[in-house]
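Chemist: I'd like to ask some things about the structure below.
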Amino acid sequence: MSSIFSTFAGESSYIPSIIGRSVSSSVLSGDNPTHVDPSNPITLFIIQVGQLAVLLHCLALTLYITQLVIIIAFTQGLGWGFSFIKQPKVIAEVVGGIILGPTVMGRIPRFTQHIFPQPSLTYLNLVSNIGLILFLFLVGLEVDVGVMRKNGRAAAAVSAAGMILPFGLGAAVAVPVYHNFVETDKVSFGHFLLFVGVAMAITAFPVLCRILTSTKLLDTRVGVMVLAAGVGNDVVGWVLLALTLALVNARSGATAVYVLLCAVGWSIVLLWPIKKAFLWLARRSGSIDHGPTPGMMVLTLVIVFTSAFVTGIIGVHPIFGGFIAGLIIPHEGGFAIALVEKIDDLVTMLFLPIYFVLSGLQTNLGLLDTGMIWGYTILLIVVAFLGKFIGCAGAAMAMRYPLRESAAIGMLMSCKGLVELIVLNVGLSAGIIDQRLFSMFVVEAIILTFITTPCTIAIYPEKYRDRISESRQKTRGNDAEKNAAGAEFLIGGSGGREQTSRFLVILQKLEHLSAVMFLTQMLEPPAPTTSKPWSAEKAVGHEVKGHLESDISDASAESTPQHTLARLPSVAEDRNSSSLAAPQIDALKLIELTGRTFSVMQSAEKDQILLTDDSLQLFKQFGRLRGLEITPHISIVGQDSFPQAVADYATDLGTELVILPWTVPVQGSSNELIEPSLEKEGLTTSTSGSLSQFDTIFGSETAGSPMYTHFVRRVFSESPSDIALFVDRGFGSSATFAPGAGQHIFLPFFGGPDDRLALRFVVQLCRHSHVTATIVRVEKAETDVRGEDESEASASGKLSESVQIHQAALQSNMLTIGGNNSQYPETQARLTSDTADNVAWTFYTASSTTPPRPASIDSALSRVSLRSTQSASPLQYAFKCASSAITSTSASAKSWRPMLIVTGRGRRGAPINHNAELSRMLADKALNPSIGAELRKTVGDAATAMILGGGAPGTASFLVMEAGKK
């Protein structure tokens with residue numbers, strides 16, 4: 001290796017000038033594309049793509065690996081640092097290249113000769129150009145003309161104004177720059193003017209998408225407008241660059257015309273016959289429905305590099321061929337998104353950093369050593385910014401956008417980023433600009449990209465943002481009409497909403513679907529028990545003698561076990577229940593919005609994903625089969641914005657109850673409702689068993705449980721609607737049950753707004769003919785309630801150290817406990833809550849009420865067992881009742897699904913303080929104090945006692961409910 005680089009020993013660090021090289025060989029000018037040109041090896045590389053061994057003859061592999069490690073580690077580290085100030089990664093890559101180049105580290109003696117010697121740059125340039133072609137292919141994939149078409153005239157006006165004014169100002173500033181910094185005898189003024197105009201007018205569309213993602217503007221009016229205008233700006237900018245290169249590389253005016261005609265002809269061939277053939281093959285191979293097959297991936301790459309080869313040899317540039325190839329990829333069925341997902345990381349993590357580090361190596365800020373140079377640099381920055389800002393903001397205001405939104409559009413469209421850097425590198429390669437002018441433009445691009453994010457946030461803060469929710473607005477407009485039929489159930493005799501009819505189901509994984517389907521099935525409205533058969537004779541006009549045959553009745557087939565269900569509702573009851581509002585269910589799929597290209601494309605093609613998402617479409621078809629109206633929605637936001645997205649959708653849709661599924665498979669291979677080992681252990685388990693149960697609930701979500709737990713807590717805290725967390729531990733398992741198997745529900749009622757919500761919802765579920773329930777109201781003994789504080793204070797010194805540790809853990813870090821919602825003082829609020837508890841309980845337990853209960857509620861109560869008791873240990877008593885209920889249903893496990901335990905979360909306004917009792921229960925199990933504390937913060941006291949108490953209740957599924965803030 002030393003022999004290879006010995007030529008450079010003792011020389012000062014320098015990056016060789018590449019101004020005089022041709023950007024690409026042109027067969028129209030008589031050049032041979034197979035000629036070896038070390039300054040531009042990409043064309044020959046495409047021909048020799050199978051002969052990579054040639055590279056190793058010219059470059060030591062060890063040095064090449066060293067360069068890759070330095071480039072990737074350095075740029076990724078800088079990117080991580082810049083992410084804290086919400087700067088796009090391209091800034092880190094370019095700044096990293098400048099630091100590694102002659103500006104900073106190049107001044108270290110012999111650094112450049114040993115790490116980035118001149119011969120090695122040829123092959124780094126080769127690899128970076130391969131990545132650049134693939135990147136421009138991804139840029140072409142991101143271009144969706146449908147986005148611009150949706151916004152029509154406004155997007156076209158902003159895009160046009162954002163090109164014309166900057167181009168004109170760029171042409172004006174090109175005059176003094178040309179005469180002061182360009183060798184006029186080597187560069188034509190016309191070529192230079194056209195190049196500067198393109199550099200000023202172009203917008204960094206890929207970087208713009210990432211900035212919109214990081215600033216959470218993609219789903220706002222500003223974000224949609226900027227994306228639409230950026231599409232047109234992007235296409236026109238690349239066309240103008242191709243025109244500039246064609247003129248620069250042509251040796252005569254006639255040759256330039258031929259180059260342009262060949263470029264247009266190749267574009268037509270790609271965009272019409274090849275595009276149609278590609279779409280036909282994608283459909284034929286099933287790639288549209290199931291993602292690209294290996295054969296389609298190979299064909300895609302062949303088309304990309306063939307297009308790059310063709311545009312390279314005709315004298316434009318290979319990157320233009322990659323861009324045109326991206327335009328032919330169909331977006332139907334999410335094919336383009338799946339294709340990008342396969343190659344995006346390789347391009348952005350490996351190839352692009354090399355390209356932009358090379359740009360930094362060619363940037364020498366030491367050449368900007370006079371006041372005049374810095375004056376012109378500032379002039380370039382001001383002209384580039386004002387041209388874009390005034391043009392785009394003015395057009396937006398002309399389209400009647402508010403001042404802040406117009407200013408934000410202008411600010412975002414002034415972003416330059418990596419697209420201008422690509423243009424500058426092409427201009428440097430073509431000899432239009434030299435290294436000093438290149439450095440001036442690089443400074444301008446970095447500064448304008450750097451200020452885009454903070455200035456946009458300052459101009460357009462969160463409180464002024466108008467988010468797009470057209471579908472939600474339409475649905476919300478019909479809420480009053482849809483719910484009118486069940487209005488009498490909103491505030492009934494129980495003191496609250498007795499009929500929940502508007503649900504929002506959150507779907508994040510396909511595994512959640514089985515549990516959601518089961519819970520949805522229990523919300524079905526009662527069906528009529530009799531139906532008249534269709535008479536063929538009557539339909540064709542024949543006389544029918546006598547009466548129709550006797551009605552078909554389900555009563556004749558009634559074979560329900562005595563301990564399961566009562567009869568189905570009668571015809572008279574069905575007429576009464578027909579006035580109930582049919583459940584309106586909205587299904588929301590949450591998809592994480594990342595900085596990757598495919599993620600941004602998902603946001604832009606949300607409507608297409610809505611039609612192809614497996615979980616949403618399966619759930620919608622299930623609703624059709626069950627006679628339920630299910631409306632799918634998709635929210636593509638950052639993971640930290642998931643809870644806020646749920647709250648926003650719940651508000652916009654008028655949701656009454658948000659359902660959060662959490663599928664936790666039961667450990668063990670047994671299909672029985674209760675594992676044999678648990679039956680042997682009775683109602684308690686060992687310490688290891690309790691730990692295992694906790695791990696089963698919170699550890700089975702692979703590497704995602706803590707994040708999902710945090711998501712659940714934030715939804716509880718931020719959503720204004722009622723919340724139900726459905727912890728499924730058996731409905732989606734491999735266990736099988738007999739057709740028509742019953743469902744039994746157990747509800748421990750301690751009082752408070754959450755328990756009252758749970759009480760009403762359980763009664764509503766029991767309207768389903770196959771659902772029964774046991775509801776036990778447990779009140780703390782009168783003496784314990786009066787002397788609770790005193791007894792705890794007196795016994796504090798006698799409590800064991802373990803119990804004290806558990807109490808401290810339960811009382812610490814209570815992030816999701818809200819304050820008292822009542823406007824009254826605490827004592828009065830407690831009395832008000834107790835009164836509400838008594839009203840609700842009396843409404844459901846009294847033999848008759850005034851006014852009378854609806855017939856549907858009476859029918860449901862016929863399948864509900866309600867009893868009330870007092871206990872000094874409410875949690876332990878409820879635990880024993882739940883164990884007894886599970887044991888009784890397990891006697892005929894095939895006739896019953898796993899029991900569902902419904903509890904109130906009890907995090908606000910609970911009448912009973914369970915701290916001391918729960919601490920004792922956890923201490924008796926010798927559990928880690930943090931286990932109970934973390935579980936309690938998520939599901940509340942009652943569910944924590946059931947889960948960690950051991951025995952049968954720990955194997956049940958749970959529905960944890962919390963009353964909303966409305």
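Chemist: Filter the stretch 407-424 for residues that are basic (Lys, Arg) and either in contact with an Asp or Glu (Cβ under 6 Å, 6 or more places away or on another chain) or in a helix (DSSP H, G or I) (or both) and give the result.
Modeler: none
Chemist: Could we say that VAL222 is crowded, with 24+ Cβ neighbours inside 10 Å and either under 23 Å from the mean Cα position of the chain (by Cα) or of a type in the set (Lys, Arg) (or both) here?
Modeler: Yes: the conditions hold for VAL222.
Chemist: Would you confirm, using the coordinates I've provided, whether LYS150 is in a helix (DSSP H, G or I), under 24 Å from ILE337 (Cβ atoms) and among the basic types (Lys, Arg)?
Modeler: For LYS150, the condition - in a helix (DSSP H, G or I), under 24 Å from ILE337 (Cβ atoms) and among the basic types (Lys, Arg) - is met.
Chemist: For the stretch 358-376, does any single residue satisfy the condition of being under 32 Å from the mean Cα position of the chain (by Cα), closer than 24 Å to ALA92 by Cβ and open to solvent by less than 10 Å² (accessible area, probe 1.4 Å)?
Modeler: No, every residue in the stretch 358-376 fails to be under 32 Å from the mean Cα position of the chain (by Cα), closer than 24 Å to ALA92 by Cβ and open to solvent by less than 10 Å² (accessible area, probe 1.4 Å).
Chemist: Looking at the structure I just gave you, is GLY79 without any contact (Cβ under 8 Å) to a residue 40 or more places away in the chain and assigned to a helix (DSSP H, G or I)?
Modeler: Considered against the rule, which asks whether it is without any contact (Cβ under 8 Å) to a residue 40 or more places away in the chain and assigned to a helix (DSSP H, G or I), GLY79 comes out as yes.
Chemist: Applying the selection to the stretch 474-530, what residues are β-branched (Val, Ile, Thr) and either modelled with pLDDT of 65 or more or out of contact with any Leu (no Cβ under 7 Å at 6 or more places or on another chain) (or both)?
Modeler: ILE491, THR500, VAL505, ILE506, VAL516, THR520, THR530 - these are the residues of the stretch 474-530 that are β-branched (Val, Ile, Thr) and either modelled with pLDDT of 65 or more or out of contact with any Leu (no Cβ under 7 Å at 6 or more places or on another chain) (or both).
Chemist: Listed residues PHE111, PHE84, PHE74; which is of a type in the set (Phe, Trp, Tyr), open to solvent by 20 Å² or more (accessible area, probe 1.4 Å) and closer than 23 Å to LEU367 by Cα?
Modeler: Going through PHE111, PHE84, PHE74 in turn, just one is of a type in the set (Phe, Trp, Tyr), open to solvent by 20 Å² or more (accessible area, probe 1.4 Å) and closer than 23 Å to LEU367 by Cα: PHE111.
Chemist: Here are the criteria: (1) open to solvent by 50 Å² or more (accessible area, probe 1.4 Å); (2) modelled with pLDDT of 80 or more. Tell me which single one SER791 does not satisfy.
Modeler: Going through (1) open to solvent by 50 Å² or more (accessible area, probe 1.4 Å); (2) modelled with pLDDT of 80 or more one by one, SER791 breaks only (2).
Chemist: If MET397 satisfies every condition in (1) over 29 Å from the mean Cα position of the chain (by Cα); (2) touching a residue at least 60 places away in the same chain (Cβ under 8 Å) but one, which is the exception?
Modeler: For MET397, the exception is condition (2).
Chemist: Give the residues of the stretch 942-966 that are of a type in the set (Val, Ile, Thr) and open to solvent by 10 Å² or more (accessible area, probe 1.4 Å), sorted by residue number.
Modeler: Result: THR955, single match.
Chemist: Restricting to the stretch 711-742, name every residue that is touching a Phe, Trp or Tyr at 6+ places or on another chain (Cβ under 9 Å), closer than 30 Å to GLN644 by Cβ and modelled with pLDDT of 65 or more.
Modeler: The answer is PHE711, VAL712, ARG714, VAL715, ASP722, ILE723, ALA724, LEU725, PHE726, VAL727, ASP728, ARG729.
Chemist: What are the residue pairs meeting all of these: first residue in the stretch 326-350, first residue closer than 30 Å to GLY77 by Cα and in contact (Cβ under 8 Å) with a residue 24 or more places away in the chain, second residue of a type in the set (Gly, Ala, Ser) and outside any helix (DSSP H, G or I), Cβ atoms under 7 Å, and 6 or more apart or on different chains?
Modeler: ALA338/GLY291
Each row is one residue, and each column tells you yes or no for (1) among the acidic types (Asp, Glu); (2) in a loop (DSSP other than H, G, I, E, B); (3) farther than 30 Å from VAL600 by Cα; (4) open to solvent by 40 Å² or more (accessible area, probe 1.4 Å).
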| site | (1), (2), (3), (4) |
| --- | --- |
| VAL177 | no, no, yes, no |
| VAL198 | no, no, no, no |
| LEU217 | no, yes, no, no |
| GLY230 | no, no, no, no |
| VAL239 | no, no, no, yes |
| VAL257 | no, no, yes, yes |
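Chemist: Ok, one more. Looking at ALA308, ALA338, which one is touching a helix residue (DSSP H, G or I) at 6+ places or on another chain (Cβ under 6 Å) and assigned to a helix (DSSP H, G or I)?
Modeler: Unique residue meeting the criteria: ALA308.
Chemist: I'd like the full set of residues that are out of contact with any Leu (no Cβ under 6 Å at 6 or more places or on another chain), in contact (Cβ under 8 Å) with a residue 24 or more places away in the chain and over 13 Å from ALA604 (Cα atoms), limited to the stretch 136-156.
Modeler: LEU136, PHE137, LEU138, VAL139, ARG153, ALA154, ALA155, ALA156
Chemist: Tell me the residue from THR869, THR938, THR903 that is in a helix (DSSP H, G or I), β-branched (Val, Ile, Thr) and modelled with pLDDT of 85 or more, please.
Modeler: Result of the check over THR869, THR938, THR903: THR938.
The values are calculated or read from the model by the stated rules, or taken from the named source; none is laboratory data. A quick note: this is a predicted structure, and the numbers were derived from the prediction, not measured. Ideal geometry is used to build each Cβ from the backbone, glycine not excepted, and the neighbour counts take in all protein chains shown. Protein only, heavy atoms only, side chains kept; ligands, DNA and RNA dropped before computing areas. Shrake-Rupley method; radii C 1.70, N 1.55, O 1.52, S 1.80 Å.
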